[in-house]
1. Scan region 21-47 for residues that are open to solvent by 60 Å² or more (accessible area, probe 1.4 Å) and not in a helix (DSSP H, G or I) and jot them down.
2. Within the bounds of region 5-12, is there any residue that is in a helix (DSSP H, G or I) and either free of Cβ contacts under 8 Å to residues at least 12 places away in the same chain or hydrophobic (A, V, I, L, M, F, W, C) (or both)?
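The values are calculated or read from the model by the stated rules, or taken from the named source; none is laboratory data. As the structure is a prediction and not an experimental result, all values here were calculated from the model. A quick note on method: Cβ atoms are made from the backbone with ideal geometry, for glycine too, and the neighbour counts reach across all protein chains shown. These area figures cover heavy atoms from the full protein model, side chains too; ligands, DNA and RNA do not enter into them. Shrake-Rupley method; radii C 1.70, N 1.55, O 1.52, S 1.80 Å.
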Amino acid sequence: MNQPVTLPQIWSYRTPKAKLAIWSGWLALVALFVWSWQLMNVNTMWVFVWDAPTQAADIASRMFPPRWDYINELWLPLWDTLNIATLGTLGGIVMAVPWHFWLRATPRRRFCLCGQLPWPLSWRHGRLTR
């Protein structure tokens, strides 16, 4: 006659252990932030902090208007900067393209790490791997 009352199961996105782990992680992060802030305040030279707006205004006043009399000395460093950026981009492409084709050709059974990579790296054959 007296049957136990069964409550409907409520779906939850995370288990209580997972929620506790997430809250613990956030608490540790906040504690680390507070500790870092205190440490930063102990070692800060406040004279430099209060002088920073004056220094920034001085730098800005020397930037505008630009002095064009030494522009010829800047062309070579500017050209070097563009070359370094171009070579770095080409080097990244040279390394990324073979890696991409290797990942696309390697079945997940032989290369299990692919399913564990973050989202942009785990996109295979038009779908996400799990």
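1. Within region 21-47, 45 is the sole residue that qualifies.
2. No, region 5-12 has no match at all.
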